[in-house]
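Taking it in order: structure first as structure tokens, then the write-up.
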Amino acid sequence: EVLQNHVLEAKVFHTEYGTGVAILTGAHRFSLTTNIDDLKLRRMPEVPGLQKPPSCWAVLSQDRVTIVLLAVGQDLYLLDNTSCSVVVSELWWPVTGSRVVCSPPHSLAGPSPVPCCPMGCFPAPSTCWQVLPSTRQAGMVGQQGAVGEVTCLGWGSLSRVFFFPVFAEASQEIFKIASMAPGALLLEAQKEYEKESQKADEYLREIKDQKLLPEAVSQCIEAAGYEHEPDTQKSLLRAASFGKCFIDKFPPESFVRMCQDLRVLNAIRDYQIGIPLTFTQYKRLTIEVLLDRLVLRRLYPLAIRICEYLRLSEIQGVSRILAHWACYKVQQKDKSDEEVAHAINQKLGDTPGISYSEIAARAYDCGRTELAIKLLEYEPRSGEQVPLLLKMKRSKLALSKAIESGDTDLVYTVVLHLKNELNRGTFFMTLQNQPVALSLYRQFCKHQERETLKDLYNQDDNHQELGNFHVHSSYS
């Protein structure tokens, strides 16, 4: 069939077996192999009424199951080995204020229908679907072979994107209709307690009699992490806090950590920030990578507030972010070197882990040499100042800084650099103005370059030492 109808499109994907390839033929049929090294081409079931290529499609592979997800008009289809099923259908766009109701795929978690978005999320119906895997580098499934745990589906147009979450097991247990799960009973108990109803005691007794109160608390804490609505998060955490009161020595770490994680997640999910991570993605990504993404977007205040809230070490958190901010600040051409240097010093001060020399190097790379020199004045470590000054061809200033440091090796480094950079006469004249450097260079010449030592004595008209030099040379 592939030979007869040709290949319209192909996608490479990765599985436990190796590299796979999926093919869309001219007959609008899909065929795939999960391992190109052991080629067994399998034809997928036919999509009813498919007369043209789908708007878009992707291959998902997990737990040795490979499926094809494709969008046709307003419908989303899922092809597995044996059948073709409609995942999302009957989308309509009614009057303003209505809600679109979608049924996510049962194979992804089987949750009940979810209210997806109010009318106005999208200017028009769209069929551009993507799956966001919770890998460290969250990319589109079907591109770069990024395959991971499916955490949500995204529906988007050219101007808007909305996400359909895949619910965690704890959320399903608590919120499914007529649920008798421990977490569901604890949530009801807390709600009744707020109403000052005696039903709260009845629900609690039922959980206690089964000795499931610790499980109920843990279930509410876990479910809170997978909720995107702050009100629902708070409701679940209040229930968990309520349940903890009746447990001796319940470890508080999981509750506290979840509160912290949710505050961070709610902050970055805000529409002004626009990073709608799921709880699973956030954990896989790690806080360090999230901070890097905020820094790349120049969201420095938010990144710093998160560091302070989570009490990250200064070197790991605030210092690193301030250094990024300063490196961005030196690129602003609308302010004078003096203003930029002062602003950076005011903000950074003596913050541990900050390297002014790195910021100065960035300024120099941007063509702002004078700004770089001003920033180096704030660098307390001469060993960091001197190499950059030499790179900027400010050798005399580098020599002064090296001498001020009292580091003999640093002075020797600059002196030898000057020796290679300047002609002989200028080099000797430079040393004449720096007695410490001249003395050290003489010591160096006594052991390494005795002929140069004679030239130094000649230039200084130091006849006593010149005579000693000739006597010593004759004796040698």
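The values are calculated or read from the model by the stated rules, or taken from the named source; none is laboratory data. Treat the numbers as computed from the prediction; the structure is a model and nothing was measured. Cβ sites come from the backbone with ideal geometry, for glycine too, and all protein chains shown count toward neighbours. For the accessible areas, the whole protein counts, side chains as well, though only heavy atoms, and no ligand, DNA or RNA atoms are used. Shrake-Rupley method; radii C 1.70, N 1.55, O 1.52, S 1.80 Å.
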For region 270-356 the chymotrypsin sites (Phe, Trp or Tyr not before Pro) that pass both the DSSP coil test and the at-most-11 other-Cβ-within-10 Å test are TYR271
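Counting other Cβ atoms within 10 Å of each Cβ, which GluC sites (Glu not before Pro) in region 180-243 have at most 14 and sit in a DSSP loop?
On the way: sites: GLU188, GLU192, GLU194, GLU196, GLU202, GLU206, GLU215, GLU222, GLU227; in loops: GLU196, GLU227.
Passing both the DSSP loop test and the Cβ count: GLU196.
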What's the extension gain from ASP365 to SER197 if we count 0.36 nm per residue and subtract their Cα-Cα distance? 53.5 nm
Which of the aspartates and glutamates could a cross-linker bridge to LYS199, judged by Cα under 17 Å and excluding same-chain residues fewer than eight apart? GLU188, ASP209
Those lysines that a straight Cα-Cα span of less than 17 Å connects to LYS52, excepting residues fewer than 8 apart in one chain: none
Could you name the lysines whose alpha carbon sits less than 19 Å from that of LYS40, not counting residues in the same chain fewer than 8 places away? LYS11
Quick check on my link table: of LYS335/LYS391; LYS176/LYS283; LYS347/LYS374; LYS335/LYS374; LYS329/LYS396, which ones sit more than 22 Å apart, alpha carbon to alpha carbon? LYS335/LYS391; LYS176/LYS283; LYS329/LYS396
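Given 10 °C and 1.306 mPa s, how large is the Stokes-Einstein diffusion coefficient of region 169-285 in µm²/s, with Rh as the Kirkwood radius over Cα pairs?
108
Averaged per residue, what accessible area in Å² does region 7-86 show with a 1.4 Å probe, protein chains only?
Values: 4130 Å² over 80 residues.
Here the residues of region 7-86 average 52 Å² of exposed surface.
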In the full protein assembly as shown, how much of HIS324 is accessible to a 1.4 Å probe, in Å² to the nearest 10? 80
To the nearest 10 square angstrom, what accessible area does TYR364 show with a 1.4 Å probe? 60
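Please work out how much length the chain gains when fully extended from ASP407 to HIS463, using 0.36 nm per residue of separation minus the C-alpha to C-alpha distance, in nm with one decimal.
Details: separation 56, 0.36 × 56 = 20.16 nm, distance 3.09 nm.
My answer for the length gained is 17.1 nm.
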